[in-house]
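Contents: one structure, followed by commentary.
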Amino acid sequence: LGLALFPCVLLFSLYYLYRNIDDLETTLHRNVVVLSSKKEQIDYAHHAQTAFGLQIQEWKDILLRGHDAQEMKSYWRSFLLHEASVRESLETMHSLALNARENLKAAELKSILDSHQNIGKQYRDALSRYSLSQNSSATFQIDRTVSSVDRSFAAQLAHITEDAEQEYKGLSAR
């Protein structure tokens, strides 16, 4: 009887061993995908922060040096390029969060995207009210109009970057 039961117990044990190995492989694969997604989110968050810093620099250049039409055109083009770069990074992060079913993060990123769009509108509205080429005090008037609108957005970008980094560290420590 023992000899008859031994192969059955052995087969049963091997079956569970292979099933556990399969579960471990599935878990490992899922963790690699999640870590990879988190790393991408960090990269896009850093890119958005950098691009936003450059966008702000171009805005300051518009105010300080935009009195000349040619320079204004050049700085405005660069401003729009960096603005689009920020938006693309945030949209990619939003898509990654949706794909990972991170609904709270996706909602936060959607709110940040809306804030960025609102900042752009405020810049455009301020710039359309005054003529830099015809009014020497326009720089100060425009600057006062949009004073500090970028600070809360920069803080939001820093927050999502820190969150992504903390999530990555927490997942990679497991």
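With a cut-off of 11 Å between beta carbons, the residues surrounding Glu58 carry a summed charge of +1, where Lys and Arg count +1 and Asp and Glu -1.
On a full-extension model of 0.36 nm per residue, what is the gain between Gln141 and Ala154, subtracting their alpha-carbon distance, rounded to one decimal in nm? Mind showing how you got there, number by number?
Values: separation 13, 0.36 × 13 = 4.68 nm, distance 2.25 nm.
That works out to 2.4 nm of additional length.
The reciprocal of the average 1/r between distinct C-alpha atoms defines the Kirkwood hydrodynamic radius, which for the chain equals 19.5 Å. Between the residues Tyr18, Ala84, Val33, the greatest Cα displacement towards the positive end of the dipole of the chain, with unit charges on the Cβ of Lys, Arg, Asp and Glu, is found for Ala84.
With a cut-off of 11 Å on the backbone N, no residue of segment 2-41 is near the modelled label site 7 Å out from Glu165 along Cα-Cβ. For the chain, a simple Cβ point-charge model (Lys and Arg +1, Asp and Glu -1, everything else neutral) yields a dipole of about 200 debye relative to the Cα centre. Between the residues Ser95, Phe52, Ile112, the greatest Cα displacement towards the positive end of the dipole of segment 35-174, with unit charges on the Cβ of Lys, Arg, Asp and Glu, is found for Ile112. Between Tyr130 and Leu80, residue separation times 0.36 nm minus the direct Cα-Cα distance comes to 16.1 nm.
Excluding Val146 itself, what net charge comes from residues whose Cβ is under 13 Å from its Cβ, given Lys and Arg +1 and Asp and Glu -1? Could you put the intermediate results ahead of the total?
Values: positive: Lys60, Lys121, Arg124, Arg129, Arg144, Arg151; negative: Asp125, Asp143, Asp150.
Taking every other residue near Val146 into account, the sum is +3.
Per residue, the chain reaches -32000 deg cm²/dmol at 222 nm when only DSSP H runs of four or more residues are counted, each adding -39500 (n - 2.57).
Accessible surface calculations at 1.4 Å, restricted to protein heavy atoms, place the chain at 64 Å² per residue.
Straight-line reach from Lys38: which lysines fall under 25 Å, measuring Cα to Cα and dropping same-chain residues less than 8 apart? Excluding near neighbours in sequence, the set is Lys105, Lys110, Lys169.
Inter-part distance, segment 1-54 to segment 133-174, computed on C-alpha centroids, equals 37 Å.
The values are calculated or read from the model by the stated rules, or taken from the named source; none is laboratory data. Quick caveat, the model's predicted, so the values are computed rather than measured. A quick note on method: Cβ atoms are made from the backbone with ideal geometry, for glycine too, and the neighbour counts reach across all protein chains shown. Quick note on the areas: whole protein, heavy atoms, side chains included, nothing else; ligands and nucleic acids left out. Shrake-Rupley method; radii C 1.70, N 1.55, O 1.52, S 1.80 Å.
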